[in-house]
Structure formats: C-alpha cells, structure tokens
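Heads up: the structure comes next, in structure tokens.
The values are calculated or read from the model by the stated rules, or taken from the named source; none is laboratory data. In this text, all values refer to a predicted model and were calculated from it rather than measured experimentally. Because the Cβ atoms are built from the backbone with ideal geometry, glycine has one as well, and the counts that use them run over all protein chains shown. Ligands, DNA and RNA are excluded from the accessible area calculation, which covers all protein heavy atoms including side chains. Shrake-Rupley method; radii C 1.70, N 1.55, O 1.52, S 1.80 Å.
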Amino acid sequence: MEGLEKKAAMQFVQDAKIFIKSGSGGSGSVSFRREKNIEFGGPDGGNGGKGGDVLVQGNGAKHTLLDFRFKKKYTAENGSPGSGRKKTGKAGRDLLLWVPLGTEIWIEGEKVADITQENQKITLFKGGKGGAGNACLKNSVHQSPRIAYPGESGQESWVELKLKLLANVGLVGMPNAGKSTLLNALTDANSKVGDYPFTTLFPKLGVLCWEDKEIVLADLPGLIEDAHLGKGLGHRFLSHAQRCSVLLHVIDAAQSDAFQKYHQIRQELKLFDETLIQKTEFIVFNKSDRLKEDQKKRLQDLFSNSELIFFVSALHRKDLEALINKIETFF
Ligand SMILES: Nc1nc2c(ncn2[C@@H]2O[C@H](COP(=O)(O)OP(=O)(O)OP(=O)(O)O)[C@@H](O)[C@H]2O)c(=O)[nH]1
Ligand SMILES: [Mg+2]
C-alpha cells in the first residue's frame, strides 16, 4: 500500500512547507551637502527604502500546491540604502504567492490565514522599514549628526500551506462503493471509475447545478478499517471533508456486512476529527439494482435510526431525484 500513497501524493499535492522572508529595509545614509561656495553643508543623507512585503493571493485556476514542492525558499526584495541629497532608497519589490482556493496558512502550529475567495489577498509578512538617514536625524541639539540607522529586518519563518478543498458535500465510504460513479451521475464531473479498490487516488470535485444553485461535491478516496493506522490511503484526504457541511456516506448495498462496515468508516471519521461525525450525514445505499426487496427491507431495519437513507443506482442513474432534492434543501 505504500506505493499507492506515494502515487497519490505525487498526483495531488495538498501540503507544502516553505521558508518565507519579507525584504529588509535599506539603511539610512550619512552624507553632507558639498557644494561649491558652501562651506558647511548640512546633513543630507536620505532614508533607506522599505523592504518588500510578502503577499498571498487566491487563484481559482490553481488546483494543487505542486509549485511549492519544488521551490522551498521565497524572499521579497530588500529596500535599497538611502543616499546623499536626501534621496530615499528604492523600495524592495513585493513578493506575491498565488495559492489555490481553500489554502490554509499555518505558522508554528497556528492557522494565520485561510484563502477561500478568488483574488483574496493578504499581507503575510510586511517588509522592514527603511533606516533613517542623517538628514532626518538633525535636530536643535545635533545639527550635524554623523550617524544613520540600519533598516528594519524583514520577517522570516517556515510556513505550512494546507489545501482543504472548498466543497459543500463530501462523498465518503469504502473503496468500490461507487462514490465516483455517483459523483459522475450527480454532477458535471468525470471521475475515474473502476471495479477495483482505490481507483480514486485523490479528491475530485464536481458541481451539482440545481435551479439557481451550484453545489460543489467532493469525491474522496476510499476509506478502510484501520485507516488511522495508515491502512490504504490512511486519513490523508479526510481534511477535505472538514469544510463540507453534508457528508454522503456511500455504501455498496449488495455487500453482506454493510452495517458493520458503515460503523468502521464512522469510527475512522471520528478518529480523524470528531466534528466529522457531527455533520449532517446521508446514507446512500448504492448498487440497489443488485438488491432484492427483502434485502432492502433488512437494511432499512438495520439503519432504522438514521433519518436520511437513500437507495440508488449510480451506475444506472436510478432513483437519484429524491437524493438530489434532499441535498438541495441544505443549501
Ligand atoms: N451494479 C452496480 N455497479 C455499480 C454501481 N455504481 C458503481 N458500480 C460499479 O462499482 C465499481 C466501483 O465504482 P467506483 O465508482 O469506481 O467506486 P468508488 O467508490 O469510487 O471506488 P474507489 O475510488 O476505489 O474508492 C465500478 O465497477 C462501477 O461500475 C451501481 O449503482 N450498480
Ligand atoms: Mg472512486
């Protein structure tokens, strides 16, 4: 299974750790006016230029954090030093980092920003101020200061980027339950389908258009028992369910131990993040085309405590309307 995880990590980069530094301010200058016929020119050293800021901006055209896997160090330009004739140094250029929508920014274990909107822009680190030149330091006591100040240092830190997809509804469940088939049936997506487990190796989004609403669904790779111990693809994609307000728990209705498997998956969700099992959950029994009436009745009895149960056939696109109608009421 290790190879599987590697493949998934290569195809969908959802986290990155990078080193970021804003520009330092330029130093102030010590200079005196020297002109013909003027014997004692006053101080005229200019201030240093401001260092460049580091900005982060959301870009809906980006879908992974792949760029940040290769380049690890990001530095904004330093400000230039001031010079004579009270000339302020040039400001350092800002550095702009484009990230996919849904990117969280973490520093030392703390979330400092969440980029969720197209073009949403934040200043992550401000550039350092330029140092004062001696022209600026002149006062009634010190008429000719021979000192100037260095510029302020830029801020620097290791920063973690974590991509958590922006989806309203997350599809979770065992491999092979038909999650991708269901996503394709409900939305414009074309998620890969296969009759083997772990066909889907990274999350895939689709949009369900219903009247004037656009509801985003995320097909998440399959979960198995002991995923929390790293089995299968482990818990690596569950963070994408955290932003969803509704989860569709897709179950292969034709399997014999549906009830037990259902609870195994719930346990895995809980072990990753307790709030996942507090979300609104639809139980979607897929592959109902293979189900006899008495089997269906048995499942209904077993899951009698759950309010939102649907029997569908994603493959044959049957009985999806009730499910769509219900999803729609939540948004
Ligand atoms: N009979 C029947 N087969 C279905 C139905 N839905 C999906 N399948 C089949 O079940 C198999 C698995 O479907 P997928 O959609 O790839 O399942 P998945 O849950 O996305 O699987 P992973 O990506 O591996 O987690 C495929 O062979 C599908 O054709 C259904 O409603 N009825
Ligand atoms: Mg799939």
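For the reader, a short list of remarks on this structure follows.
- Members of region 277-307 found to be over 21 Å from ASN176 (Cβ atoms) and either touching a residue at least 12 places away in the same chain (Cβ under 8 Å) or within 16 Å of ligand 2 (Cβ to nearest atom) (or both), listed by number: LYS279, THR280, SER306
- Unmet requirement for ALA167, which otherwise passes all of (1) farther than 26 Å from HIS63 by Cα; (2) more than 8 Å from ligand 1 (Cβ to nearest atom): (1)
- Residue check for LYS192: over 19 Å from the mean Cα position of the chain (by Cα), under 24 Å from GLY3 (Cα atoms) and within 11 Å of ligand 1 (Cβ to nearest atom): yes
- Selection of region 124-163 for residues being part of a loop (DSSP other than H, G, I, E, B) and either without any contact (Cβ under 8 Å) to a residue 24 or more places away in the chain or crowded, with 24+ Cβ neighbours inside 10 Å (or both) yields GLY127, GLY128, GLY130, GLY131, GLY133, ASN139, SER140, VAL141, HIS142, ALA148, GLY151, GLY154.
- Counting only residues that are among the aliphatic types (A, V, I, L, M) and without any contact (Cβ under 8 Å) to a residue 60 or more places away in the chain, region 239-266 holds 3 of them.
- Hey, SER83 in contact with a Ser or Thr (Cβ under 7 Å, 6 or more places away or on another chain) and of a type in the set (Ser, Thr, Tyr) or not: yes
- If you go through region 193-213 and pick out every residue that is among the charged types (D, E, K, R) and surrounded by 12 or more Cβ atoms within 10 Å (Cβ to Cβ), you end up with 2.
- Condition met for ALA76 (open to solvent by less than 10 Å² (accessible area, probe 1.4 Å) and at pLDDT 95 or above): yes
- Residue in region 170-187 that is farthest from ligand 1 (Cβ to nearest atom), counting only those that are over 19 Å from LYS318 (Cα atoms) and assigned to a strand (DSSP E or B): GLY170
- Residues of region 47-65 classified as among the aliphatic types (A, V, I, L, M) and either open to solvent by less than 20 Å² (accessible area, probe 1.4 Å) or not assigned by TED's automatic domain parsing to the domain that holds GLY151 (or both), total: 3
- Criterion violated by SER313 - all others in (1) open to solvent by less than 90 Å² (accessible area, probe 1.4 Å); (2) touching a Phe, Trp or Tyr at 6+ places or on another chain (Cβ under 9 Å) satisfied: (2)
- From the list GLY28, GLY3, GLY58, the one residue that fits, being farther than 15 Å from GLU160 by Cβ and without any contact (Cβ under 8 Å) to a residue 12 or more places away in the chain, is GLY3.
- When ASN176 is tested against the conditions (1) in the same structural domain as PHE282 (by TED's automatic domain parsing); (2) on the phi < 0 side of the Ramachandran plot; (3) out of contact with any helix residue (DSSP H, G or I) (no Cβ under 8 Å at 6 or more places or on another chain), the lone failure is (2).
- Of residues in region 105-123 being open to solvent by 60 Å² or more (accessible area, probe 1.4 Å) and in contact with an Asp or Glu (Cβ under 6 Å, 6 or more places away or on another chain), the one farthest from GLU77 (Cα to Cα): LYS111
- Residues of region 3-16 classified as in contact with a helix residue (DSSP H, G or I) (Cβ under 8 Å, 6 or more places away or on another chain) and in a strand (DSSP E or B), total: 1
- Condition check for LYS62: more than 30 Å from LEU238 (Cβ to Cβ), part of a loop (DSSP other than H, G, I, E, B) and basic (Lys, Arg): no
- Residues of region 202-219 satisfying the condition of being more than 16 Å from ligand 1 (Cβ to nearest atom) and free of Cβ contacts under 8 Å to residues at least 40 places away in the same chain: VAL207, CYS209, ASP212, GLU214
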